[in-house]
2 protein chains.
Amino acid sequence: MSKVIVKEKTQREMFHVKNINGLKEVEEKLLKEILDVNGDIYKICLRLIKSGGKRIRPILVLCSSQCFGELTKEAIQTAAAYEFIHMASLVHDDIIDESFVRRNKPTVNALEGNQVSVLVGDYLFAKAFEILSTNRSIKSMSIAVKAIQQMCDGEIVQADNKFNLNQTIENYYERIYKKTGILIASCCQAGAIIGGADKVQVEALKAYGKNLGYAFQIIDDLLDFTGNEESLGKPVGCDLREGNITLPILKLINQSIYKDRLKKMFKKGITVESYYEILYLLKENNALEEAYDEAVYCIKKAKDALEIIEDSMYKRMLLDIADKVLVRKN
Amino acid sequence: MSKVIVKEKTQREMFHVKNINGLKEVEEKLLKEILDVNGDIYKICLRLIKSGGKRIRPILVLCSSQCFGELTKEAIQTAAAYEFIHMASLVHDDIIDESFVRRNKPTVNALEGNQVSVLVGDYLFAKAFEILSTNRSIKSMSIAVKAIQQMCDGEIVQADNKFNLNQTIENYYERIYKKTGILIASCCQAGAIIGGADKVQVEALKAYGKNLGYAFQIIDDLLDFTGNEESLGKPVGCDLREGNITLPILKLINQSIYKDRLKKMFKKGITVESYYEILYLLKENNALEEAYDEAVYCIKKAKDALEIIEDSMYKRMLLDIADKVLVRKN
């Protein structure tokens, strides 16, 4: 993990590929789209848009499409739609996880309650589909709805497996694919299709997105142990307290002695002391390093997938994004 | 209200226009569509499908389309999609309203908690859009997403106006249009378009749906005062306890003496005694009768809207459904 900790970067903007063709238009589209709704939902959506999201999904749509063709209106609109889907899923996730802080700010459900959060999420989902249907982006729509269904499924699987120490690493990968990977892969896939990529190229972009998504979530799960609350914008150690078994823990409990120890801790509930004991064990046993190495491997696979794609500024941006995932701190 | 109470009918199936062409296929479609999801969501969705909904929305799509043409695959699929949207909105509404009983059965959030309810609703919304996108039903989709946005907006407006006795009857109509009317109108509009109706005919069906929706919600709001818990499948008196100001109350508080009385009651919280006092006042002042008369007027307008439509079995079914709204008890 030293690699993660050593590098100093301006994290907040690290995924903002400056001046990427179309991103300004996406931001405008996001702001313009919510103008039709009444005061309360509007204010909340405006706050969400301005809350400093990394815009990874729109950036992926824009880069993926421009690997193959000129910037189109459809790419901008699809990029905005995917950001709305992402925002909607965050708002609903915060209800599900009962999270009250995200990006250093109180979540919608912390401020407004579950009721409003449900509605704001539904509104944003509907808005995304309105954008896609207005543009007759049937293919993007079909990819997006399948992703949403899988994301719901993934959340249920995650809930069902809380505190379950009998999960395998394969289970973990399946789960994080549904949770994070599929929407990221969808962005790349939809972008490539919009840009006019052929089937093989679309598959390559999808594979890039899938592996990027894996790495993104592995790092996210690592940050829950190693991150800094301030740069992360939310409390650390949440996963373990809530019983979400992530990759570092799965690496650790490969040794049955630690599995038994953890089982006992879960029985009593995770205290500050037991949390620090686990953190110590993770470090002592190289579990954090090993998990990080898997993220590195996923990033290698993501970049390899792009080998068949012709060189361009946008391909280089995608490769750059992949590298940045490994050094992100929020 | 005597009209409502006197008529004896098998209420549960009253909206099931027996053997309507396509309804069996819609039921099959609903069951088939959820087969792709994991065990937990599947079981919950199956329970929802089998929980005895009236299927008004699919019936409206099927009748509206067959007023103009043969039964098509698109009509069946759109009908199923609208039922999924309706189911999703019920599941999310039960979180918003913290309702634990619907159709004599515990709600999803009562059984499984808010977390699962959020996901099941999202899954059903995504499923609806998957069906519409698979069939390239862009027009139906565009109508549906606008309806969902309005429904979210309506829920927020309703929440903002709880215990607000300064609402007008116009406010009430706007609110129930967003809450109920727009989705019902959408079903008729989408059905007519699928059937090949011209612009004037589409508008007629939309007007029918809008007025049907008004009447449907007025009766729903009346049943909260006059209904029987068993046939209704949920507790009565909820609206008032939760501060939802419905048409009978608005009729009553036209007289400022009752407005002041209600204001005082709201301040203390609605008790069993104050609830029965209000019920007595509503009856004494003909407020229930007056509200019912407005539903009758909406049904007249709904039926009048269909005057320009050529006579057919399906038009007669639509007229029949309108009449049945006035005598429904659940």
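The values are calculated or read from the model by the stated rules, or taken from the named source; none is laboratory data. In this text the structure is predicted, and so the values were computed from the model without any measurement. All Cβ positions, even for glycine, are placed from backbone atoms using ideal geometry, and neighbour counts span all protein chains on display.
Side notes on the structure shown:
- Where helices (runs of 4 or more DSSP H) fall wholly inside region A:18-72, the ranges with 3 or more residues that are without any contact (Cβ under 8 Å) to a residue 24 or more places away in the chain are A:23-33, A:39-49.
- Residue in region A:41-63 that is of a type in the set (F, W, Y) and within 19 Å of A:Q201 (Cβ to Cβ) present: no
- Whichever residue in region A:85-139 is among the hydroxyl-bearing types (S, T, Y) and closer than 16 Å to B:V145 by Cα and, among such residues, is modelled with the lowest pLDDT: A:S137
- Qualifying positions in region A:39-66 - buried (at least 24 other Cβ atoms within 10 Å of the Cβ) and among the small types (G, A, S): A:S64, A:S65
- Residue match in region A:165-187 (condition: within 20 Å of A:C67 (Cα to Cα), among the charged types (D, E, K, R) and without any contact (Cβ under 8 Å) to a residue 24 or more places away in the chain): no
- Filter result for B:Y276 (at pLDDT below 95, hydroxyl-bearing (S, T, Y) and part of a helix (DSSP H, G or I)): yes
- The conditions of being among the basic types (K, R) and at the interface with another protein chain (Cβ under 9 Å from one of its Cβ atoms) are not met by B:K105.
- Checking region A:29-38 against the condition returns no match, with no residue being closer than 30 Å to A:E294 by Cα, at pLDDT below 95 and surrounded by fewer than 21 Cβ atoms within 10 Å (Cβ to Cβ).
- Residue that is in a helix (DSSP H, G or I), small (G, A, S) and more than 11 Å from every other protein chain (Cβ to nearest Cβ), where the choices are B:A88, B:A126, B:A147, B:A110: B:A110
- So A:D153, is it of a type in the set (D, E), modelled with pLDDT of 80 or more and in contact with a strand residue (DSSP E or B) (Cβ under 8 Å, 6 or more places away or on another chain): no
- Of the set (1) within 19 Å of B:A81 (Cβ to Cβ); (2) over 18 Å from the mean Cα position of the chain (by Cα); (3) within 11 Å of chain A (Cβ to nearest Cβ), all apply to B:D160 but (1).
- Residue within region A:236-250 that is in contact with a Lys or Arg (Cβ under 9 Å, 6 or more places away or on another chain), among the β-branched types (V, I, T) and closer than 20 Å to A:I176 by Cα present: yes
- When residues of region A:158-211 are limited to those that are in a helix (DSSP H, G or I) and of a type in the set (F, W, Y), the one surrounded by the most Cβ atoms within 10 Å (Cβ to Cβ): A:Y208
Yes/no matrix, rows are residues, columns are (1) acidic (D, E); (2) surrounded by 21 or more Cβ atoms within 10 Å (Cβ to Cβ); (3) in contact (Cβ under 8 Å) with a residue 40 or more places away in the chain:
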residue	(1), (2), (3)
B:C238	no, no, yes
B:R241	no, no, no
B:T271	no, no, no
B:S274	no, no, no
B:L282	no, yes, yes
B:N286	no, no, no
B:A305	no, yes, yes
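Conditions (1) of a type in the set (G, A, S); (2) without any contact (Cβ under 8 Å) to a residue 12 or more places away in the chain, marked per residue:
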{"residue": "B:A81", "(1), (2)": "yes, no"}
{"residue": "B:S89", "(1), (2)": "yes, no"}
{"residue": "B:H92", "(1), (2)": "no, no"}
{"residue": "B:Q115", "(1), (2)": "no, yes"}
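- Matching residues, region A:129-140, being closer than 12 Å to A:I194 by Cβ, crowded, with 24+ Cβ neighbours inside 10 Å and facing chain B (nearest Cβ under 7 Å): none
- Filtered by the rule that a residue be buried (at least 24 other Cβ atoms within 10 Å of the Cβ) and over 24 Å from B:I95 (Cα atoms), region A:67-105 gives A:C67, A:A75, A:I76, A:T78, A:A79, A:A80, A:A81, A:Y82, A:E83.
- For the condition in a loop (DSSP other than H, G, I, E, B), loosely packed, with under 15 Cβ neighbours inside 10 Å and either out of contact with any Cys (no Cβ under 7 Å at 6 or more places or on another chain) or modelled with pLDDT of 95 or more (or both), B:D311 qualifies.
- Selection from region A:129-144 of residues that are assigned to a helix (DSSP H, G or I) and either over 20 Å from A:Y42 (Cβ atoms) or among the aliphatic types (A, V, I, L, M) (or both): A:I131, A:L132, A:S133, A:I138, A:K139, A:S140, A:M141, A:S142, A:I143, A:A144
- Pair list, Cβ under 7 Å, 6 or more apart: region A:249-267 residue without any contact (Cβ under 8 Å) to a residue 60 or more places away in the chain, other residue hydroxyl-bearing (S, T, Y) and crowded, with 16+ Cβ neighbours inside 10 Å: A:L252/A:Y258; A:M265/A:S274
- Of the residues in region B:212-234, at least one is over 21 Å from B:E277 (Cα atoms), surrounded by fewer than 23 Cβ atoms within 10 Å (Cβ to Cβ) and polar (S, T, N, Q).
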